[in-house]
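Everything on this sheet refers to the single structure shown next.
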C-alpha cells in the first residue's frame, strides 16, 4: 500500500532549464481567421506531459488521459505515489517561432455542410516553437535526478527538450505571497486566488496567483516562490 503524504525534507528539488532542439507543437490555442484558423503557441507547457516525459515516455497531448487515470484514488498523494516524481508546468522564457501552413487532411479540422454532406477544407497556420527556445520548470522527486535529461513531448510532431537540472534548497515561508510561476490549480494547496492561462480537463494552469504560505526554492538559477503540492505534509 502506498504512502499518503511525504515530509518536505524527504524529497529532492530541482530547477530545470529546458532548451528546445527541434519543433515543439504544444499548448496551442485556435483563433478564427478569414482563411481558416491560426494556432497560437501559449507560453506554458502542461505539467502532466512533462512528468510522463521525465519518466522516459514519449508524450503526446492525447496521452494526458492516461496520466489522469493515476488520480482515480481519493488519496491526494496517489499520483505521486505512482510516479515518485512531480513537475510544475514549464514557463517558456524565450520563444522563437516558426509558422507552418497545413491543410485539412493534416489538421483534423472539418466543417460539414448538412445539406450536401460536403467538406469545406480549412487551412491552419501553426505558430510553433523553434530550436533555441528556452523554458523553465521545477521538479520534485523522491530519488536523486541526473544532471541532464531529454524530454520528448508534442502534438503531431515530437519536440526534443534538453533539461539541465540544478539542485535547489527549499523552505516553507508563511504569510500571503505572490506567485509568478505557472502551477496546476488541481495539484496545490493554500491558494487564495489565481489567474488562469490554460483551461484543461487534466487541471487548469494558472500563470500567477496568491497563496497563504508557499515553498521558497533557491538555486544558482535564482529564487522561486511556488504553491505547495498537495502530497507534501505541511
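The values are calculated or read from the model by the stated rules, or taken from the named source; none is laboratory data. Values in this document were obtained by computation on a predicted structure and should not be read as measured data. Virtual Cβ from ideal backbone geometry, glycine too; neighbours counted across all protein chains shown.
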Some residue of the stretch 150-161 being surrounded by 14 or more Cβ atoms within 10 Å (Cβ to Cβ), part of a strand (DSSP E or B) and at positive phi: yes
Residue 169 being loosely packed, with under 14 Cβ neighbours inside 10 Å and modelled with pLDDT of 90 or more: yes
Enumeration of residues in the stretch 176-200 that are in a strand (DSSP E or B) and crowded, with 16+ Cβ neighbours inside 10 Å: 177, 179, 183, 184, 188, 191, 194, 197, 198
Of all residues making up the stretch 201-226, the number that are outside any strand (DSSP E or B) and more than 24 Å from residue 48 (Cβ to Cβ): 1
Matching residues, the stretch 24-80, being farther than 22 Å from residue 96 by Cβ, crowded, with 17+ Cβ neighbours inside 10 Å and modelled with pLDDT of 80 or more: 47, 48, 51, 52, 54, 80
Filtered residues of the stretch 184-214 (kept if free of Cβ contacts under 8 Å to residues at least 60 places away in the same chain and within 16 Å of residue 137 (Cα to Cα)): 185, 188, 206, 208
